[in-house]
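Written below as structure tokens is the structure these notes are about.
The values are calculated or read from the model by the stated rules, or taken from the named source; none is laboratory data. Just so it is clear, the structure is predicted and the values come from calculations on it, not from any experiment. Ideal geometry is used to build each Cβ from the backbone, glycine not excepted, and the neighbour counts take in all protein chains shown. Areas reflect the complete protein model, heavy atoms only, side chains present, ligands, DNA and RNA absent. Shrake-Rupley method; radii C 1.70, N 1.55, O 1.52, S 1.80 Å.
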Amino acid sequence: MIDILNSIKSDSISKINELDSLHELDQLKSFLLGKKSPLMDVLKDIPKIPLEKRPVIGKEANQLKQELTKRLNKKRDELINKERDDFLNQNQADVTLPTSGFPSGSYHPITIVTRYVCSILNRYGYAIKQGPNIETDFNNFEALNIGPNHPARDMHDTFYLKNKTVLRTHTSPVQIRTMLEQEPPIKIIAPGKVYRCDADTSHSPVFHQVEGLCVDKHITFSDLKGTLEAFLHELFGDEHAIRFRSSYFPFTEPSVEVDVSYTINGKTTWLEIMGAGMVQRNVFRQVSYDPDSYTGFAFGLGIERIAMILYKIDNIRLFYENDHRFLTQF
Ligand code: FA5
């Protein structure tokens, strides 16, 4: 295994040294350190090796992960400086030229897509709710059936704040706020920012979700599927195939994830755009609803991913760079 780690190390370092752009760096980062990377494969295989060898291999693998992260960060700084210098060298301003007048502003693509999504769901009878970006641990996790030691906490890469508060990792706490405030029937959507310590070409540390919650008597999984299919059909038209994949969220059971087919640079792939499911009975108990009287479904979709599909964008970072040439296209 040490040999494998050494070969991952030398291969990774030479790939990092050859990097020429930030876009390539994002892709290489998920290739080297992402969930399906060769290094993660080694970490996953540790339980299979003899007990006495595990600490050595574990230590080596973690040191390698740290070293690669450090090298990638260093390379990122170098590339940012290089891109800035290249830009300044190629775009020398002629300050004597007349101005071209004042350009008029336009809405940001994330705002356009959020409004579009909300306008469709609003027509289906969903009222718009908002919640704070700083949430209690209770609303963000505990009431959603994610107790203090629940492994699902690891999936969220949380920014923890003082006094048992967090930057909300999803819009699902608005479900809890709404159910604590009012009795069923409930049909709400909640757009907003969410925060996770995570970044590559399709993940950003700050991104946008729209939550949906529908609770009443006799709500079934067919209602969930019918609603989401009608909504996605309006959103994407016939051009994009949609698939429901069974999945797991502690606050829904059964749970699904929804993928949309997406063709970019001549290649067709699936992009996951939302999680959904039937509200877990424990969540109802946390908000003092009787789980034998009420059922419901919930969903949480990623606005950036939808915008990437609708506008054929291959890198999520473009939304945040505030490059005028990009923003004026919408
Ligand atoms: C959740 O956040 C659940 N709260 C969704 C949910 C709600 C499930 C209600 C069931 C019931 P997930 O972590 O998979 O699940 O995120 C939901 C969507 O947000 C993803 O499908 C994806 O479109 C988007 N997303 C997740 N992480 C990122 C990220 N780092 N950058 C951009 N978009 C992201």
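If you go through segment 239-258 and keep only what is of a type outside the set (A, V, I, L, M), within 9 Å of the ligand (Cβ to nearest atom) and under 10 Å from G275 (Cα atoms), you end up with S247, F249, T252, S255, E257. Just to be sure before I move on: is G212 assigned by TED's automatic domain parsing to the domain that holds G296 and open to solvent by 70 Å² or more (accessible area, probe 1.4 Å) in the structure I sent? No: the conditions fail for G212. Cβ separations smaller than 7 Å between residues 6+ apart or across chains give no pair from segment 297-310 residues that are not assigned by TED's automatic domain parsing to the domain that holds V117 and open to solvent by 10 Å² or more (accessible area, probe 1.4 Å) to residues that are in a helix (DSSP H, G or I) and of a type outside the set (D, E). Take the conditions (1) away from the ligand (no atom under 16 Å from the Cβ); (2) within 27 Å of R281 (Cα to Cα); (3) not polar (S, T, N, Q); R153 misses just one of them, which is (1).
Just one of the numbered conditions (1) at pLDDT 95 or above; (2) open to solvent by 10 Å² or more (accessible area, probe 1.4 Å); (3) touching a helix residue (DSSP H, G or I) at 6+ places or on another chain (Cβ under 9 Å); (4) within 13 Å of the ligand (Cβ to nearest atom) is not true of T201: (1).
Taking the listed residues L5, L32, L25, the one that is more than 12 Å from K65 (Cα to Cα) and touching a residue at least 40 places away in the same chain (Cβ under 8 Å) is L25, with no other qualifying. Taking (1) closer than 21 Å to E304 by Cβ; (2) surrounded by 14 or more Cβ atoms within 10 Å (Cβ to Cβ) in turn, T268 satisfies each apart from (2).
Considering every residue within segment 286-300, establish whether at least one is under 27 Å from D198 (Cα atoms) and touching a His at 6+ places or on another chain (Cβ under 8 Å). Within segment 286-300, one or more residues are under 27 Å from D198 (Cα atoms) and touching a His at 6+ places or on another chain (Cβ under 8 Å).
Scan segment 97-120 residue by residue and report those that are of a type in the set (A, V, I, L, M, F, W, C) and under 33 Å from the mean Cα position of the chain (by Cα).
Filtering segment 97-120 down to residues of a type in the set (A, V, I, L, M, F, W, C) leaves 97, 102, 110, 112-113, 117-118, 120.
Selection gives I110, I112, V113, V117, C118, I120.
Of the residues making up segment 46-55, those that are part of a helix (DSSP H, G or I) and either in contact (Cβ under 8 Å) with a residue 40 or more places away in the chain or polar (S, T, N, Q) (or both) number 1. Comparison of R325, R245, R285, R281 shows that the only residue that is open to solvent by 20 Å² or more (accessible area, probe 1.4 Å), charged (D, E, K, R) and within 30 Å of S106 (Cβ to Cβ) is R325. Check segment 170-192 and report whether any residue there is within 13 Å of the ligand (Cβ to nearest atom), at pLDDT 95 or above and open to solvent by 50 Å² or more (accessible area, probe 1.4 Å). No: zero hits.
Residues checked against (1) open to solvent by less than 100 Å² (accessible area, probe 1.4 Å); (2) of a type in the set (D, E); (3) not in a helix (DSSP H, G or I):
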site: Q63; (1), (2), (3): yes, no, no
site: K75; (1), (2), (3): yes, no, no
site: F87; (1), (2), (3): no, no, no
site: Q92; (1), (2), (3): no, no, yes
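None of D292, D314 is at pLDDT below 95 and either open to solvent by less than 50 Å² (accessible area, probe 1.4 Å) or farther than 24 Å from D137 by Cβ (or both) except D314.
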